[in-house]
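These notes are about the structure you will find just below.
What follows is calculated from the coordinates using simple rules that are stated; it is not laboratory data. Since the model is a prediction, treat every value here as computed from it, not as a measurement. Cβ: placed from backbone, ideal geometry, glycine included. Neighbour counts: every protein chain shown.
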Amino acid sequence: EAGVVQSPRYKIIEKKQPVAFWCNPISGHNTLYWYLQNLGQGPELLIRYENEEAVDDSQLPKDRFSAERLKGVDSTLKIQPAELGDSAVYLCASSFHTGNEQFFGPGTRLTVL
Amino acid sequence: DQQVKQNSPSLSVQEGRISILNCDYTNSMFDYFLWYKKYPAEGPTFLISISSIKDKNEDGRFTVFLNKSAKHLSLHIVPSQPGDSAVYFCAAFTSGTYKYIFGTGTRLKVLA
């Protein structure tokens, strides 16, 4: 069974440019998470979806970040415009339901120049 | 406010010896604790968990201990193997908010 798929794995952009990350969770997993991981830190939740509904986006900087999970399967996280401080690894995770074990993807390493 | 703390950023252990990774937390509302292991360029993978109503959970070479009065948990790996070299994150979960809070990680190096 395929794990959580993320693309791209690496992205380098200049500041003020837009960027998008894609995540395909494990088949059948209803809950999808986007996390931000800065260097030397643990993952921090940005947004949690249950099916297509964003049930917790309290940590998502909504002035520049947006996310969608239109059909309750794959998801896209967008940053527009990117800032230097957005350089980090963006992790996607999924679980069968909220509270069950999370499975993480490999992450997208974003570098903003 | 760091609710979950891993105060040791790194740890080196000889192969075959015990590795002990520590984690402290401040929120008494956490009711589930987890340990994740992360290799470079990969996402974290679940290792072992413990409910707040228990004080020990064991899975093969891995044992997690929970001391609720001290708000402290630890992961014991015995015997340690070179393949255990990774970054270990502890995480705490609150069923009321469904939030996972991660610590900053401890890099374990097992020396052959």
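Charged neighbours of B:Ser28, selected by a Cβ distance under 12 Å, balance to +1 (K, R count +1; D, E count -1).
Can you spot the aspartates and glutamates whose alpha carbon is less than 19 Å from A:Lys71's alpha carbon? Ignore those fewer than 8 places along the same chain. Partners within reach: A:Glu50, A:Glu52, A:Glu53, A:Asp56, A:Asp57.
By the Cα gyration tensor, the protein assembly as shown has an equivalent ellipsoid whose semi-axes, rounded to whole angstrom, run 30, 20, 16 from largest to smallest. I want to verify a result. In a Gaussian network model of chain B, Cα cutoff 10 Å, which of these has the top mean-square fluctuation: B:Ser69, B:Ser52, B:Ser19? Between B:Ser69, B:Ser52, B:Ser19, it is B:Ser69 that shows the largest mean-square fluctuation. Look at the alpha carbon pairs under 8 Å that are at least 6 residues apart: their mean separation over the length of the stretch A:1-58 gives a relative contact order of 24 percent.
Cross-link reach is defined here as a Cα-Cα straight distance under 27 Å, omitting same-chain residues fewer than 8 places apart; for B:Lys71 the lysines meeting it are B:Lys5, B:Lys37, B:Lys38, B:Lys54, B:Lys56, B:Lys99, B:Lys109. Summary value for chain A: 37 percent relative contact order, contacts being C-alpha pairs under 8 angstrom separated by 6+ residues.
For the stretch A:50-107, averaging the sequence separation of C-alpha pairs within contact (under 8 Å, six or more residues apart) and dividing by the residue count gives a relative contact order of 25 percent. Counting every C-alpha pair in the stretch A:19-113, the share spaced more than 17 angstrom apart comes to 44%. Measuring r between the beta carbons of A:Leu113 and B:Ser8 and using R0 = 41 Å, the FRET efficiency lands at 0.80.
By the equivalent-ellipsoid construction on the alpha carbon gyration tensor, chain B comes out with semi-axes of 23, 15, 12 Å, ordered largest to smallest. Counting only residues at least eight positions apart within a chain, or on another chain, the aspartates and glutamates with an alpha carbon under 13 Å from that of A:Lys78 are A:Asp63, A:Glu68, A:Asp86.
Rounded to the nearest whole Hz, the Karplus-based 3J(HN,Hα) values (6.51 cos²θ - 1.76 cosθ + 1.60, θ = phi - 60°) of the stretch B:67-75 follow the sequence 10, 5, 5, 8, 6, 9, 10, 9, 10, with x at glycine and proline.
Once the Cα-Cα distance is subtracted from the 0.36 nm per residue extended length, the B:Tyr32 to B:Ser51 segment shows a gain of 6.4 nm. A simple packing score, the average count of other Cβ atoms within 10 Å per residue, orders the peptides B:55-63, A:38-46 as A:38-46, B:55-63, with the highest score first.
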